[in-house]
Amino acid sequence: MAGAARWHELLLRVPEARVEDVCDALEALEALSVSVEDADAHTPAERALFGEPGLPAPAPGWQRSQVVALFDTEAQAREAAALLAPQDFFADCEVVGVRPVADTDWVRLTQSQFDPVPITPDFWIVPSWHEPPAEARTVIRLDPGLAFGTGTHPTTRMCLRWIARHDMAGRRVLDYGCGSGILAIAAAKRGAATVDAVDIDPAAVEATRLNAAANGVALNAGLPEAAQGRYGLVLANILATPLKVLAPLLCAHVDDGGDLVLAGILERQADELREAYAPWLTLAVTDAEDGWILMTARRG
């Protein structure tokens with residue numbers, strides 16, 4: 001089955017010093033693939049990176065790179081651009097545009113790239129085209145779709161590990177920036193009494209509702225104003241800049257004895273997050289994977 005213009009590419013112009021951080025962020029935003037090209041290719045400024053015997057070693061990257069990220073929908077590509085724009089590491093970078101991808105068998109390609117993902121030995125994220133592993137006791141059925149969050153990125157895996165290792169029974173849970181709803185669904189499957197999942201993107205809200213129904217769990221999905229009152233657990237897997245802006249709001253939602261769990265943070269951003277949240281809660285790094293960290297705090 002051929003895919004029409006459902007898949008879209010986000011094109012960015014990125015200086016050499018920013019390429020790694022931008023690519024890491026795009027992976028955190030669940031890009032299906034990320035590639036880096038010479039922005040000056042086929043011009044007099046084109047620069048080869050491959051050395052020749054007897055010549056000086058080549059530079060590690062191009063002075064100006066074009067970073068191309070593939071997303072499932074145009075809306076997801078544009079949302080990624082909007083989330084990258086205020087990041088400190090996006091300084092001197094440029095959004096070139098978003099373009100549809102030529103027809104191809106993207107369904108087969110996408111399915112080949114997503115296998116079951118273990119969170120703990122008995123807790124797995126399993127696409128619908130796979131059978132759950134025999135050792136799986138808790139299974140979330142989730143396919144790549146309209147919103148971020150498939151369980152493949154370290155930020156999502158760390159949040160899921162935290163949920164798997166803590167008692168959810170009877171908790172009131174808020175998933176702020178829910179994307180696909182994967183964290184909200186995990187909390188519900190682990191026994192949370194009430195789960196509210198909110199996102200600024202209506203497509204993410206709809207994806208969360210559909211994914212919750214597919215997994216047989218009940219939760220409340222809506223726009224951010226649907227988050228009301230205080231919660232025993234507040235989860236937010238976004239990026240560092242919006243997490244800093246949201247600090248007073250997220251902390252206000254944490255109940256006495258409740259937990260705050262934040263992800264989407266690079267290791268080098270830990271101190272700025274601690275400082276942003278210090279007036280309300282004391283954040284600590286409690287997990288790390290591939291340069292990303294999980295920061296958590298408890299009230300009281």
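List of remarks:
- Looking only at residues of the stretch 157-180 that are over 20 Å from the mean Cα position of the chain (by Cα) and under 21 Å from Ile293 (Cα atoms), we find that the one that is least open to solvent (accessible area, probe 1.4 Å) is His166.
- Pick from the stretch 268-299, criterion among the basic types (Lys, Arg) and under 22 Å from Ile163 (Cβ atoms), ranking: surrounded by the most Cβ atoms within 10 Å (Cβ to Cβ): Arg299
- Taken across the stretch 251-258, residues that are in the same structural domain as Asp201 (by TED's automatic domain parsing), charged (D, E, K, R), under 27 Å from Thr138 (Cα atoms) and open to solvent by 30 Å² or more (accessible area, probe 1.4 Å) do not occur at all.
Conditions (1) of a type outside the set (A, V, I, L, M); (2) assigned to a loop (DSSP other than H, G, I, E, B); (3) open to solvent by less than 40 Å² (accessible area, probe 1.4 Å); (4) modelled with pLDDT under 90, marked per residue:
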site	(1), (2), (3), (4)
Ser35	yes, no, no, yes
Gly51	yes, yes, no, yes
Pro56	yes, yes, no, yes
Gly61	yes, yes, yes, yes
Val98	no, no, yes, no
Gln111	yes, no, no, yes
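- All positions within the stretch 228-241 that are under 13 Å from the mean Cα position of the chain (by Cα) and open to solvent by 30 Å² or more (accessible area, probe 1.4 Å): Asn237, Ile238
- Contacts under 7 angstrom Cβ, first residue in the stretch 276-289 being assigned by TED's automatic domain parsing to the domain that holds Trp162, partner open to solvent by 30 Å² or more (accessible area, probe 1.4 Å), 6 or more apart: Ala276/Lys244; Trp280/Pro248; Leu281/Arg299; Leu283/Arg274; Asp287/Arg161; Ala288/Glu267; Glu289/Arg157
The values are calculated or read from the model by the stated rules, or taken from the named source; none is laboratory data. For clarity, every value in this text was computed on a predicted model and none was experimentally measured. Every residue, glycine as well, gets a Cβ built from its backbone with ideal geometry; the counts of neighbours run over all protein chains shown. The accessibility values were calculated without ligands, DNA or RNA, using every heavy atom of the protein model including side chains. Shrake-Rupley method; radii C 1.70, N 1.55, O 1.52, S 1.80 Å.
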